[in-house]
1. Could you list, in sequence order, the residues of segment 275-301 that are part of a loop (DSSP other than H, G, I, E, B) and out of contact with any strand residue (DSSP E or B) (no Cβ under 6 Å at 6 or more places or on another chain)?
2. Specify which of the listed residues (E263, E291, E257) is outside the structural domain of L72 (by TED's automatic domain parsing), free of Cβ contacts under 8 Å to residues at least 60 places away in the same chain and surrounded by fewer than 20 Cβ atoms within 10 Å (Cβ to Cβ).
3. Hey, any hits in segment 272-294 for a residue that's modelled with pLDDT of 95 or more, out of contact with any helix residue (DSSP H, G or I) (no Cβ under 9 Å at 6 or more places or on another chain) and among the polar types (S, T, N, Q)?
4. Any residue at all in segment 255-274 that's in a helix (DSSP H, G or I), more than 30 Å from R90 (Cα to Cα) and either within 25 Å of the chain's Cα centre (by Cα) or not small (G, A, S) (or both)?
5. Could you list, in sequence order, all residues of segment 219-246 that are small (G, A, S) and part of a strand (DSSP E or B)?
6. Could you tell me which residue of segment 31-45 is surrounded by the most Cβ atoms within 10 Å (Cβ to Cβ), considering only residues that are of a type in the set (D, E, K, R) and without any contact (Cβ under 8 Å) to a residue 12 or more places away in the chain?
7. When you look at A252, is it surrounded by 19 or more Cβ atoms within 10 Å (Cβ to Cβ) and either under 12 Å from V166 (Cβ atoms) or of a type in the set (F, W, Y) (or both), yes or no?
8. Just checking, which of V12, V76 is at pLDDT below 85, part of a helix (DSSP H, G or I) and in contact with a helix residue (DSSP H, G or I) (Cβ under 9 Å, 6 or more places away or on another chain)?
Amino acid sequence: MDLALLRTFVTVHRAGSFTRAAALLGLSQPAVTSQIRTLERQLGRPLFLRQARGVTPTTIGDELAHKAAPHLDALVEIAEGAPDDGSSLRTLHLVGPPEFTAERALPALTRLTGEDGKGFALRASFGTAEEGLEGLAAGHHDLAISTARPRGPLLTATPLCDEEHVLVAAPQWAERISPGTLRLKGPVLLENLPVVEVHESLPFVSRYWASVFDSRPAASGTVVVPDLRAVLSCAIAGAGLAVLPRYLSASALARGEITALYEPAVPPLRTYFLTARTGSLAMPHIARAHEWLLRAANDWS
């Protein structure tokens, strides 16, 4: 069986589309379609079901991808990597959300990269959960940190840590609302407070309201900025209330720059997953980074 055909097949399986696979492979869409048809003729079975948007693998297609993908990844790693003579570092490509990656993952991994020259070179990029997992599946990254657990056999996810969310505001806003009154009257007391968020849809505030108050927020975003570190800075400056990860806001809370408006008995949590392509943990540098991040996460609270 032609390895080029298998590589095209795995790329289509990961991308879910002949068009996206063609872009990733640097081929034309007709060339990709022709290669898949050739492979299907050789196997005597259909590998994909064509749909209006993209393709869906058949059972045979899923089984073939699960068997072939780890070996193809290893061959690509060998072909594109430098000879493993112990004198050169392997490069680890990591993707994750900007705040968590910058504040937690990168400090942990950069300590590992400097370990007596036995570490690895590190390349990090930021992206949403969907972007990170798509890039990982397409082979652009080695590890992805994501708040979404991937489906299917081609990606393997391990729970990394839980992130607690806290409702905060600058002291001048907090002085207007006592936790006891808020507990008694509920979120109606917060309706007139400005809100700082990362998106117009208020993902953090909405999740907090649903979990703690069993309701939806009535306010809209007064300040919207797509970085939680910027949300924290705006909250400290008095722009309004915000829902932030406790690890990110802990220092500002300790200094009194912001105040927790409410401390529910069961705080809202969000789980992070550390994800790799199935089979890629056989590569030593990816396995070391994976193990190191899991070990570091034991100290994250």
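The values are calculated or read from the model by the stated rules, or taken from the named source; none is laboratory data. What you see is a predicted model, and the numbers here were worked out from it, not measured in a lab. As a convention, Cβ positions derive from the backbone with ideal geometry for all residues, glycine included, and neighbour counts pool all protein chains shown.
1. The first filter runs over segment 275-301 and keeps only residues part of a loop (DSSP other than H, G, I, E, B), leaving 278-279, 283, 298-301.
Of everything in segment 275-301, those that are part of a loop (DSSP other than H, G, I, E, B) and out of contact with any strand residue (DSSP E or B) (no Cβ under 6 Å at 6 or more places or on another chain) turn out to be G279, M283, N298, D299, S301.
2. On the way: E263 fails: free of Cβ contacts under 8 Å to residues at least 60 places away in the same chain; E257 fails: free of Cβ contacts under 8 Å to residues at least 60 places away in the same chain.
Criteria check complete, one pass: E291.
3. no
4. As a first pass, look at segment 255-274 and keep what is in a helix (DSSP H, G or I): 255.
The next check asks that each one be more than 30 Å from R90 (Cα to Cα); those that pass are 255.
Those still in the list that are either within 25 Å of the chain's Cα centre (by Cα) or not small (G, A, S) (or both) too: 255.
Among the residues of segment 255-274, at least one is in a helix (DSSP H, G or I), more than 30 Å from R90 (Cα to Cα) and either within 25 Å of the chain's Cα centre (by Cα) or not small (G, A, S) (or both), which makes the answer yes.
5. Just the residues of segment 219-246 that are small (G, A, S), to begin with: 219-221, 230, 233, 235, 237-240, 242.
G221, A242, listed by residue number.
6. Narrowing segment 31-45 to residues of a type in the set (D, E, K, R): 37, 40-41, 45.
Next cut, without any contact (Cβ under 8 Å) to a residue 12 or more places away in the chain only: 37, 40-41.
Working: R37: 12, E40: 18, R41: 9.
Residue satisfying both the conditions and the ranking: E40.
7. Numbers: surrounded by 19 or more Cβ atoms within 10 Å (Cβ to Cβ): no; either under 12 Å from V166 (Cβ atoms) or of a type in the set (F, W, Y) (or both): yes.
For A252, the condition - surrounded by 19 or more Cβ atoms within 10 Å (Cβ to Cβ) and either under 12 Å from V166 (Cβ atoms) or of a type in the set (F, W, Y) (or both) - is not met.
8. Values: V12 fails: at pLDDT below 85.
Within the list V12, V76, the selection yields V76.
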